[in-house]
Amino acid sequence: MLAIRTEQLTKYYGKARGILDVDLEVRTGEIFGFLGPNGAGKSTTIRLLLDLIRPTSGHAEVLGLDAHRDRLAIDRRVAYLPGDLSLYGDLTGAQTLHYLGNLRGGVDTTYRDELVRRLELDPSSRIRSMSRGNRQKVGLVAAFQGRPELLVLDEPTSGLDPFVQLEFERLADEARREGRTSFISSHMLPEVEHLCDRVGIIREGRLLAVESIATLKERALRRLEIEFASPVPPDAFRDVPGVRDLRVDDARLSCTVMGSLDALVKAAAGFEVRGIRTQDTSLEEIFLAYYGAGPEAPHAAA
Amino acid sequence: MLLRSVFTKTVRDLRWPTFWTALALFVGGGYFTLLYPTYATQFKLTELLDQLPAAMKALIGAQVADVSTATGFLNIELFPMILPAVLAGFAIALGSGATAGEESRGTIDVLLSYPVPRWLVVTQKAAAIVLSVVVVAAGLWVGAVLGAAASNSPLDSGRVAEALVMAALLALDFGSIALLLASGTGNRGLGIGVSVALLVVMYFVNALAPVISGLDSVKQASLFFWYLESNPIRHGISIGDSLVLAAVAIALFLASLVAFERRDLAA
Ligand SMILES: Nc1ncnc2c1ncn2[C@@H]1O[C@H](COP(=O)(O)OP(=O)(O)O)[C@@H](O)[C@H]1O
Ligand SMILES: [Mg+2]
């Protein structure tokens, strides 16, 4: 069974494009990353899945149920963390978790307490006086506390400090081991790449590709600069597999490497290396390199 | 304890506005009945009112009451205008905020991702609003009764209660207008603006109908007509007119369920 399936899902806000003909399939038990730059249509897709907005055309199924007709049955089994999370300012964290737990028909408070402890959330202060990161923690606990079959998390890692980010990844991983599914949107591949099994890439409202992270990593492009102790002959690097855009100026080499760095590093080892700088290319660049920008997709500067 | 359901949460959200408004009406009701004897003797109210031109009397509702009792005094001072305006204003503020408040604060996304139907969210919020309006109206009643007791003024507390029921129904009508507009559009300001405008227009249409002949034929379109026509504080509650007021509120409420169900919610 698929956790999420959309068919030609399209949303226009009046005349403004939301998403166009999105066909998405998320498998049960996987962690699926939904990636795209701001304005690509991630939140639109997610809010359609949650029946908060209605499609212009097309169709969405969640856990095998119709997103609109069976919303209640879906919401009993799904947790959602909105992208721009707003909670009730006058409630404390604990009250918020209690209220939201009640709306779900009550939750296992032992697990809630464990989540609060693991994320180092102080549940006694009011939402209003919490930092953005702490509010996000409350949202995460609220999402995880009911042990939902499907977690739909819209940019869950924005505003989290690295420690919480790590704990969040553990939680998602635990959910996966229990056979539960996570659908996580992000505009930063590095934030989710070690977590996800597969990623879908959305741009300008269109789902451009779905790839496993393993495949994407093989194709990852890295910009590399190597500084040598003395000038090196360009020919020594010309035929190294995976190297593109090679430039050699005296003792400085720069290029783009696709996939493994191994061959290049070995070639460089024949000379005295002073320093290596690598720069991972953005998701968008990897994507554009492989799938090309669509006709209506102007090349956004990375 | 108050965070069990959308209903109890809304009761909790409304507890302070409700308390303060009820207190204000308690003080207002007490003020008028407590001071009634002073007014009655010092200002010779009956004679004073007799000298007013008809249009003026119509505007303040003096044609429907006599001021020889505290009940009649309230009927002039509070019931034609101030009380319905305060109650309706209160109901408009709450009705417009019911779901549009959650939308503008951005909490609607979280709320409606839980297994609660949209119609039930509106219904539970509306129920909490009805409760608040009842509490606020009761505040006036208690104030008036205590004030009358303290000043030994003749007050028919049963009649005051009956009139308050009709005033509360009128207020809920305006609250439902605000609810329909705000939940149907997500725009709280629109809900408030249009309902307040209707409140003012409807008040004047009914109040001036006896003196401006053109208005007489349209006065039934004014909700104030159904509230005041039977002069409830003097003759008791009019079941027929109350049903009209209640039917309007229920119809508008049902319409807002439909309107809210269909909408794209604001992000
Ligand atoms: N309520 C709305 N009204 C009009 N346009 C909207 C609305 N919500 C989103 N959009 C537009 O739809 C597109 C997709 O937005 P969104 O789904 O929020 O993207 P993302 O979450 O990927 O940043 C954007 O161009 C955005 O401007
Ligand atoms: Mg977004």
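Tabulated values for the structure
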{"quantity": "Segment B:Arg105-B:Gln220, extension gain: residue separation times 0.36 nm, minus the distance between their alpha carbons", "calculated": "37.6 nm"}
{"quantity": "Helix-only [θ]222 nm of chain A, DSSP H runs n ≥ 4, -39500 (n - 2.57) each, per residue, nearest 500", "calculated": "-8500 deg cm²/dmol"}
{"quantity": "Distant-in-sequence amide H partners of A:Arg206 (H built 1.01 Å from N, under 5 Å)", "calculated": "A:Leu20"}
{"quantity": "Given charges at Cβ of Lys, Arg, Asp, Glu: the protein assembly as shown dipole, positive-most of B:Leu23, B:Ala163, B:Thr69", "calculated": "B:Thr69"}
{"quantity": "Modelled FRET efficiency - R0 45 Å, A:Ser125 with A:Ile276, Cβ distances, 0.05 increments", "calculated": "0.45"}
{"quantity": "Filtered GluC sites (Glu not before Pro), the range A:145-220: DSSP coil and at most 11 other beta carbons within 10 Å", "calculated": "A:Glu178"}
{"quantity": "Under Karplus coefficients 6.51, -1.76 and 1.60, residue-wise ³J(HN,Hα) of the range A:112-119 in Hz, glycine/proline x", "calculated": "4, 4, 4, 4, 4, 5, 5, 8"}
{"quantity": "Cβ-based charge dipole, the range B:6-262, positive-most Cα from B:Val86, B:Val258, B:Thr107", "calculated": "B:Thr107"}
{"quantity": "Listed residue (A:Leu216, A:Gly146, A:Asn102) projecting farthest to the positive dipole end of the range A:2-217, Cβ model", "calculated": "A:Asn102"}
{"quantity": "Computed lengthening from A:Arg117 to A:Arg27, 0.36 nm per intervening residue step minus Cα-Cα distance", "calculated": "29.3 nm"}
{"quantity": "Relative contact order of chain B, defined on C-alpha pairs under 8 angstrom at six or more residues apart (%)", "calculated": "28 percent"}
{"quantity": "Mean separation of Cα contacts under 8 Å (6+ apart) over length of chain A, as relative contact order %", "calculated": "20 percent"}
{"quantity": "Whether the range B:123-240 is rounded, prolate or oblate, judged on the alpha carbon gyration tensor where a/c under 1.5 counts as rounded", "calculated": "oblate"}
{"quantity": "Relative contact order, percent, the range A:221-280 [alpha-carbon distance under 8 Å, six or more residues apart]", "calculated": "49 percent"}
{"quantity": "Inter-probe distance in nm under a simple model that places probes 7 Å from Cα toward Cβ, at A:Asp250 and B:Ala138", "calculated": "8.9 nm"}
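Laboratory data are not the source of any read-out in this text; all were calculated from the coordinates shown. Because the structure is predicted, anything quoted here is derived from the model rather than measured. Every residue, glycine among them, receives a Cβ derived from its backbone with ideal geometry; neighbour counts consider all protein chains shown.
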